[in-house]
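Before any comments, here is the structure.
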There are 2 protein chains.
Amino acid sequence: MQGTFDILKKEGRAKRGVFHTVHGDIETPVFMNVGTVGAIKGAVGTEDLEKIGTQVQLSNTYHLHVRPGDELIKSLGGLHKFMVWDKPILTDSGGFQVFSLSSLRKIKEEGVYFNSHVDGRKIFMGPEESMQIQSNLGSTIAMAFDECPNSKADYKYVKDSVDRTTRWLVRCKDKITELNSREDTINKNQLLFGINQGAVYNDIRIEHAKRISELDLPGYALGGLAVGESHEEMYDVLENTIPYLPANKPVYLMGVGTPENILEAVDRGVDFFDCVYPSRNARHAHLYTNKGKINLLNAIHENDMSPIEEGCKCPTCQRYSRAYIRHLLKAKEMLGMRLCVIHNLYFYNNMMAEIRTAIENGNYAEYKRNKIQTMSQSD
Amino acid sequence: MQGTFDILKKEGRAKRGVFHTVHGDIETPVFMNVGTVGAIKGAVGTEDLEKIGTQVQLSNTYHLHVRPGDELIKSLGGLHKFMVWDKPILTDSGGFQVFSLSSLRKIKEEGVYFNSHVDGRKIFMGPEESMQIQSNLGSTIAMAFDECPNSKADYKYVKDSVDRTTRWLVRCKDKITELNSREDTINKNQLLFGINQGAVYNDIRIEHAKRISELDLPGYALGGLAVGESHEEMYDVLENTIPYLPANKPVYLMGVGTPENILEAVDRGVDFFDCVYPSRNARHAHLYTNKGKINLLNAIHENDMSPIEEGCKCPTCQRYSRAYIRHLLKAKEMLGMRLCVIHNLYFYNNMMAEIRTAIENGNYAEYKRNKIQTMSQSD
């Protein structure tokens, strides 16, 4: 049944699961590939994603709302049809971009007033607006509209912010329920994930986790992490908070992270991930291999006719050499960036497949230890 | 036998032929796709070229000499291996770039002294250097090192320049013969095409054509056209000069042109073409269709879910809509440019296939008339 989560195997808190959606099953743990404006940066199309093991494409609600506009996308049949991708799409709420990209914002009980980063025009976004936009896009999974408080914010501020986020979540659930019942809604099975906040205050996180669990949503995310706190603080939050989220629902750690972060988070019960690292690193010639990250601009690769990684099954490594890709990057040819993004996304997607196999085989602890150890090398 | 040209069918001066090379047969008339630094601009890889009917890839000797260096490419096994393309590659001589990109150049009998456009360092290039570089790259067809005089240059200047170009051609032939006999040469079957010059002075062109024909090279090009003169002047040169080139050798019109230019030039006996128009136009959202060029940035395409051209078999049109590609271009996503370049190159390659079929069927005149007429529409 869509929106349900089957846990196939467990090892400690690490889970091997399947999340059922109207756009197909998601095998977890999963890494979602970020296509901000409805396309992966680096000239990567959905036909490429099909070749590199992408299960879920993540798009940014705020960006698509500003351009080309969610109403246009709705009129054209929704985001799946627009970008030609029939597998699951997760849309964020727009909240994070409102808080990070816009200027002159004002947070009120009803929502947030802010100025567009494109043309400066005034925009209001609250829980209902975010749900409406995501419904217009017709994504598989919509994220709740929340405030992501600064990781250094004081206790009182975070407490009040989280209380408001809880009230906003109730409004999100009411709104999506109404939208899903409408005749002209593109995806009447759109799923809502709630978001746990609380910076690094475990008591706020736990209390919030308990309250939002009562809403019985199909999935829950942890937000406001990997935004300035240490890795240890993040792992501590995961260890303490996840036990208070429903055991039969997937857990999504937003915006995380390095391969090591993902390996550690899976061990603490996380099922969904997304991060711009693989594509952003690729655009700076930093490429992942099982022996650590390499910088392809280093002179050592100039005459190296081997692939980025021997044995890698990605379309880039199946065809091109380090020497050629390095030349393209030096000459600022777009093809170089495309080939690097394809490799790095494949590396992440493939690591998730390895993680799933390891949990199935009951040797995740060993896999994790080896992976972290071999990846700690680099050139 | 490699280097030979079989003419399968003629209609007036239009020829349907096959040019045999060590890297495979080239069906003519052919449009060569320009990959300046060993890659088509717009994040298009050789795996893409295989899908859009590309027969010959053209690379620029001057650019590759400056970066990454032809000696490096030779040490890695040559340009075919470097860019992973096993079909024919034609390299230009570097002469055109020397004359158009560099500053402070001095033309002497031995060759040209100029400053690199990348780092300003002094470079000398003459016939022997150009042949050496192209031999290092290991291209299928090497172009002779020539001077391309300004189309407005006076008669005396052009006459002297063409005389020197003839002397340079003899040196090119001697040098490539020597290089092809060397043990460590990558492509010992490298073919040399001579280049006819003479601006728009038909008598200089004709005299030059006669003299270079005596060298019995496997192919001949017309250079220095489409550089400022009118289309009529160019057609006039083609009509008057081509009859003085060997009838059993392919004729290559360098740097030309629009679809209409190509249709007219085929009618005057041209077999090979290359031009940056399709990729450059694509990068500016100008897309070719059989009903004329469209500008995809026009608002009319904002909600158009049809492909760039109905019925087009290119990978872009088989998957994506005008509305989506327009959105990508507006958002400056690289994927938009890639999809447009793929479409435009396919359009050109496909038009050449249509031209070949029309000549085979003996209805080229009719095909040309119809094509020019329908393409003269636009939005």
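Values quoted throughout were computed directly from the atomic coordinates according to the rules given, and no laboratory measurement underlies them. None of these values were measured; they are calculated from a predicted model. In this analysis, Cβ positions are derived from the backbone assuming ideal geometry, glycine residues included, and neighbour counts consider all displayed protein chains.
A viscosity of 1.002 mPa s and a temperature of 20 °C, combined with the Kirkwood radius over Cα pairs in Stokes-Einstein, give a translational diffusion coefficient for the stretch B:93-214 of 143 µm²/s. Close amide-amide hydrogen proximity is noted between A:Asp304 and A:Ala323, each under 5 Å apart and 5 or more residues distant or on a separate chain (H modeled in the peptide plane; Pro and chain starts excluded).
Here the stretch A:5-275 is treated as a sphere whose radius is the Kirkwood value from Cα pairs; by Stokes-Einstein at 25 °C and 0.890 mPa s it diffuses with a coefficient of 132 µm²/s.
Take A:Ile107, move 7 Å from Cα toward the beta carbon, and the resulting point lies 7.0 nm from the same point in each other copy, nearest first.
For B:Ala353, inter-copy separations between label points set 7 Å beyond Cα along the Cβ vector come to 3.1 nm, shortest first. Counting only DSSP H runs of at least 4 residues, each contributing -39500 (n - 2.57), and dividing by the residue count of the protein assembly as shown, the helix-based mean residue ellipticity at 222 nm comes to -12000 deg cm²/dmol.
If R0 is 35 Å, what FRET efficiency do you get for A:Ala353 and A:Ile300 from their C-beta distance, rounded to 0.05?
The formula returns an efficiency of 0.70 here.
Rounded to the nearest 20 debye, the dipole magnitude of chain A is 600 debye, with +1 charges on Lys and Arg beta carbons, -1 on Asp and Glu beta carbons, and the Cα centre as origin. Modelled label positions at A:Leu72 and A:Val22, each set 7 Å beyond Cα in the direction of Cβ, lie 2.5 nm from each other. A DSSP coil position with no more than 14 other Cβ atoms inside 10 Å describes the following GluC sites (Glu not before Pro) in the stretch B:118-217: B:Glu183, B:Glu214. Sticking with the crude label model, points 7 Å out along Cα→Cβ, report the distance from B:Lys332 to A:Val84 in nm, one decimal please. Spacing of the two 7 Å Cα→Cβ label points: 2.5 nm. Counts of other chain beta carbons within 10 angstrom of each beta carbon in peptide A:325-338 average 6.
Principal axis analysis of the Cα atoms in the stretch A:51-92 yields extents of 30, 19, 12 Å, listed in decreasing size.
Of the GluC sites (Glu not before Pro) found in the stretch A:1-93, the ones in coil according to DSSP and having at most 14 other Cβ atoms within 10 Å of their Cβ are A:Glu50.
Once the Cα gyration tensor of the stretch B:282-375 is found, what semi-axes does its equivalent ellipsoid get, as square roots of 5 times the eigenvalues, in whole Å, sorted largest first?
28, 13, 10
Each pair of Cα atoms in the protein assembly as shown enters the Kirkwood radius, and Stokes-Einstein at 4 °C and 1.567 mPa s then converts it into a translational diffusion coefficient of 45 µm²/s.
Against chain B, whose longest principal axis comes from its Cα atoms, helix B:231-241 is set at around 50 degrees. Measuring from a point 7 Å out along Cα→Cβ, what nm distances, shortest first, does A:Thr374 have to its partners in the other copies? Nearest first, the other copies' label points are 5.6 nm away.
In this calculation the C-beta distance from B:Lys156 to A:Arg280 is compared with R0 = 41 Å, giving a FRET efficiency of 0.10.
Take each residue of peptide B:305-311, count the partner chain Cβ atoms within 10 Å of its Cβ, and average: the result is 1. Rounded to the nearest 0.05, what FRET efficiency do A:Ile7 and A:Glu214 give with R0 = 22 Å and r taken as the Cβ-Cβ distance? Could you check? Once the sixth-power term is evaluated, E becomes 0.55.
Considering only the other residues whose Cβ falls under 13 Å of the Cβ of A:Ile7, what net charge follows from Lys and Arg at +1 and Asp and Glu at -1?
Around A:Ile7, the surrounding residues sum to +2.
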